[in-house]
Amino acid sequence: MMPSRKSIDQAVSPFYEDWAALSQAINACFGEGTGDCRKLIAEGWQLYEALKQALHGLFGDSAPCPLNEGERLAFVKNSRSAHAASRQLEQLFGELKKKIARTKISYPAE
């Protein structure tokens with residue numbers, strides 16, 4: 001069965017809602033200067049991986065993904081304490097959201 005735009009939105013929206021809250025927590029962590037935001041960043045990439053699994057369930061092998069996703073995610077995983085890692089994670093979520101929007105245009109509305 002072919003997914004509809006609505007079903008794609010329903011499947012993806014919870015991940016982006018969780019990411020919005022987690023992103024705020026990461027930014028607050030860096031703003032406070034506590035220095036150890038690794039746990040939050042790890043939660044972020046785990047959330048990203050869960051989103052990718054959901055997309056694979058919806059689209060199979062044609063699931064959208066950002067350019068150089070593997071290398072960029074490896075950077076995030078290996079540099080979890082770095083501010084740059086959190087920015088890279090933000091970029092991955094943002095680019096994936098755009099690719100999902102572009103992909104779902106070809107699906108029926110309902």
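The values are calculated or read from the model by the stated rules, or taken from the named source; none is laboratory data. Values in this document were obtained by computation on a predicted structure and should not be read as measured data. Quick reminder, even Gly has a Cβ in these numbers, built from the backbone with ideal geometry, and neighbours come from all protein chains shown.
Summary table
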read-out: Segment 34-77: number of residues that are among the small types (Gly, Ala, Ser), within 17 Å of Asp9 (Cβ to Cβ) and more than 14 Å from the chain's Cα centre (by Cα); value: 1
read-out: Any hit, segment 95-104, residues being of a type outside the set (Val, Ile, Thr) and not in a helix (DSSP H, G or I); value: no
read-out: Filter result for Leu40 (hydrophobic (A, V, I, L, M, F, W, C) and modelled with pLDDT of 95 or more); value: no
read-out: All positions within segment 15-48 that are under 17 Å from Gln88 (Cα atoms), without any contact (Cβ under 8 Å) to a residue 24 or more places away in the chain and either part of a loop (DSSP other than H, G, I, E, B) or among the acidic types (Asp, Glu) (or both); value: Glu43
